[in-house]
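In what follows, a single structure is set out as C-alpha cells and then discussed.
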Amino acid sequence: KNSIAWGVAQAWHAEGATLVFTYQGERFKSKVEELAETLGTGSVILPCDVTSDEDIASVFQHVSKKFGRLDLLLHAVAYAPREALDDEFVNTSREAFRIALDVSSYSLIALAHGAAPLMAGGGSIVALSFYGAEKVMPHYNVMGVAKAALESSTRYLAANLGPKNIRVNCISAGPVN
C-alpha cells in the first residue's frame, strides 16, 4: 500500500482505467485483493510469477478474452536474494545474479512480448527503476546492475515497439517514504 506501483494504480483508476492486478504467490494474494477492493468493483486479480512463461501467457490470454486489448502496462517488479544485498557486491553468487536479472529486468521483455499484440492500436509500457542503476548505492548491489539492465532493455524495447505506436518508458522516481 506504500509502493509507487499502488500510487500509479490509484492514479490510473482515477482517470478511468480498468485495472488488472497480478501477484506472485499466495503470500501476496490477500494483500493485492485488499488493495484492489478499495477501488470498488471492476478490477481483475490474477496470479503471475514473472519467472514463468506459462503464468505470463495466462495473464495475457485472460486479458485478451476479457477486454480484447490492453492500453497500459506497469512493470513494478524487482527482487534479489537478501544475501546479495547485505554482503559485498564482489561476493554476489551466480545464482543471485541470475535471479535478480531474471525477475527485475528480463521480466519486462517477457511482459512486453505478451502485451504488444494486445496494443494493436498503440499503448504504453512503463517500468520503475531507481537511481542505483546509475550510481553506487550502499546495499543495493546486484539490484543496481539489474536496474541498469532494465533501463537498457527499456531503450531497446522502445526502439522496437515505438514504430507500432507502443511507448516504452522507465521512470526513476528517486527515494520516497
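The values are calculated or read from the model by the stated rules, or taken from the named source; none is laboratory data. Nothing here was measured: the structure is a model prediction, and the numbers come from that model. Note that we place each Cβ from the backbone using ideal geometry, even for glycine, and neighbour counts take in every protein chain shown. Please note that ligands, DNA and RNA were not included when accessible areas were found on the heavy atoms of the full protein model with its side chains. Shrake-Rupley method; radii C 1.70, N 1.55, O 1.52, S 1.80 Å.
Worth a mention:
- Accessible area expressed per residue, the chain, with surrounding protein chains retained (probe 1.4 Å, Å²): 59
- Only protein heavy atoms count here; under a 1.4 Å probe, residue 170 has an accessible surface of about 50 Å².
- Taking each residue as 0.36 nm, the span from residue 44 to residue 160 lengthens on full extension beyond its C-alpha to C-alpha distance by 38.9 nm.
- Compared with the dominant principal axis of the Cα atoms in the chain, helix 53-67 is inclined by about 30°.
- The aspartates and glutamates whose alpha-carbon is closer than 19 Å to the alpha-carbon of residue 29, local same-chain residues fewer than 8 away aside, are 37, 49, 54, 55.
- Fluctuation leader among 120, 148, 14 - the chain, Gaussian network, Cα springs under 10 angstrom: 14
- Using only side-chain charges placed at the Cβ, +1 for Lys and Arg and -1 for Asp and Glu, the dipole size of the stretch 16-109 relative to its Cα centre rounds to 420 debye.
- Counting only protein heavy atoms and a probe of 1.4 Å, the accessible surface of the stretch 85-177 is 58% carbon and sulfur.
- The chain: angle of helix 26-37 to the longest principal axis, Cα-based, in degrees nearest 10: 50
- Candidates 64, 104, 140 compared by Cα position along the dipole of the stretch 43-177: farthest toward the positive end lies 64, with charges placed on Cβ.
- For residue 155, solvent-accessible area (1.4 Å; no DNA, RNA or ligand), Å²: 150
- Protein-only accessible surface order, largest first, of 137, 143 at 1.4 Å: 137, 143
- For the stretch 1-25 versus the stretch 59-82, the gap between their alpha-carbon centres in whole angstrom: 11
- Label selected from (1) 92, 35, 33; (2) 47, 45, 25; (3) 47, 38, 31, the criterion being Cα extents along the principal axes in Å as computed here: (3)
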